[in-house]
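The values are calculated or read from the model by the stated rules, or taken from the named source; none is laboratory data. Fair warning: this is a prediction, and the values are worked out from it, not measured in the lab. Because the Cβ atoms are built from the backbone with ideal geometry, glycine has one as well, and the counts that use them run over all protein chains shown.
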Amino acid sequence: MDSSDETTARHEVDVVVIGAGQAGLSSAYHLRREGLAPGTGFVVLDADPMPGGAWRHRPPTLTMAKVHGIFDLPGSRFRPADTDAATGADDTGPVAEVVAGYFAAYERHHDLPVLRPVRVDSVRAYGDRLLVGAGGREWVARAVINATGTWRRPYWPAYPGAADFAGRQLHSAGYRGPAEFAGRRVVVVGGGNSAAQVLSEIADVAAATTWVTRRPPIFRDSFTREDGRAAVARVEERVRAGLPPQSVVGVTGLAYTTVVKEALRKGALTRLPMFDRILPGGVLWSGGRFVPADAIVWATGFRPDLGHLAPLRLREPGGGIRMDGTRVVAQPRLHLVGYGPSASTVGANRAGRAAARAVVRMLAEDMIAGAV
């Protein structure tokens, strides 16, 4: 649904979903299943001009053959041949195109009321409602499901000397392929799948690659359901206590995916501990080791994109947002999905269902209270 013909400055709606990635679309699907009408009962506001969520921002060199599976959206199997992508019916298709096509088809098939591009600036208390502001427009909602994810907040750690580095620095979110690193000496920082992907690709063209992580990487042959539950439980314990969440993915280690195997085969995953300082021509360790570098790629993850929620003053003394399931304890009309224990794609699906059901129960309670 195109938002260009919207003329009224303020709209009233039962539920606003912010974000149309995996978590946001899952929430919208379940709101519809619970009986809310698209447009009047709920709307989805998405900052991107096209469907696809964070997937559409992946580099074109990340093909379907390299990803470790795509989780289905609820109620619709992922089949690349059925998407809107011009390419991607086989493993050679770029993930950005294939998954964006899947999301676009999903929005249409389930008639989800996605307005885009609409970037939310703020969410404020408004009597017994929440006021969602986006530029010159506002939505007054009985409940908000926030599904903004992390993609717009890449994390760059501060290191001494970074401002003096003479080469190129970029976050892995801005990586578009290996071509620009041909003949360069490249340091890649980070212990996750993004670092492995960059290393596996640039190893073919770079003059030298150096892999640096804070902690020794853990390679896993398998990751069981029990492992997954334990990882989610650790993150959930933190958010219940009002502490910043740790990444679920960060505690799972590196599985032997196609990308990881490729990087290992090329000898690109020989890890060094984190350097202590950046010099104009490279990186330096306290013991005197120096590695010359023309580029540094920071594959250091992301942080939750929650700046628009600042007017609600949700942060606890511990620095996080205290949660009870998907509900924010300090603001019961607000649910966070794709946050903390639901940050993984499979967790986002479950969280979307849980949030939608909780919101519909709350709406029913509001109706009963209003009738008394």
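Summary of computed values
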{"read-out": "Search result, residues across the stretch 1-17 that are in a loop (DSSP other than H, G, I, E, B) and either modelled with pLDDT of 90 or more or in contact with a helix residue (DSSP H, G or I) (Cβ under 9 Å, 6 or more places away or on another chain) (or both)", "value": "1"}
{"read-out": "Cβ pairs under 8 Å, 6+ apart, first in the stretch 3-30 and over 16 Å from residue 309 (Cβ atoms), second at pLDDT 95 or above and among the acidic types (Asp, Glu)", "value": "9/138; 10/138; 11/138; 20/46; 20/48; 20/107; 25/107"}
{"read-out": "Residue that is surrounded by the fewest Cβ atoms within 10 Å (Cβ to Cβ) [pool: residues in the stretch 40-62 that are touching a strand residue (DSSP E or B) at 6+ places or on another chain (Cβ under 7 Å) and outside any strand (DSSP E or B)]", "value": "49"}
{"read-out": "Close pairs (7 angstrom Cβ cut-off, 6 or more residues apart or separate chains): in the same structural domain as residue 169 (by TED's automatic domain parsing) in the stretch 268-284, among the polar types (S, T, N, Q) anywhere", "value": "268/200; 268/209; 271/213; 272/210; 274/213; 276/286"}
{"read-out": "Residue tally, condition touching a residue at least 60 places away in the same chain (Cβ under 8 Å) and not in a strand (DSSP E or B), over the stretch 100-127", "value": "12"}
{"read-out": "Looking only at the stretch 138-154, and only at residues there that are part of a strand (DSSP E or B) and of a type in the set (A, V, I, L, M), the one that is farthest from residue 244 (Cα to Cα)", "value": "140"}
{"read-out": "Those residues of the stretch 18-39 which are under 17 Å from the mean Cα position of the chain (by Cα) and in a loop (DSSP other than H, G, I, E, B), in sequence order", "value": "19, 20, 21"}
{"read-out": "Number of the exception - residue 65 against (1) modelled with pLDDT under 90; (2) in a loop (DSSP other than H, G, I, E, B)", "value": "(2)"}
{"read-out": "Any hit, the stretch 232-239, residues being among the acidic types (Asp, Glu), within 30 Å of residue 47 (Cα to Cα) and surrounded by fewer than 17 Cβ atoms within 10 Å (Cβ to Cβ)", "value": "no"}
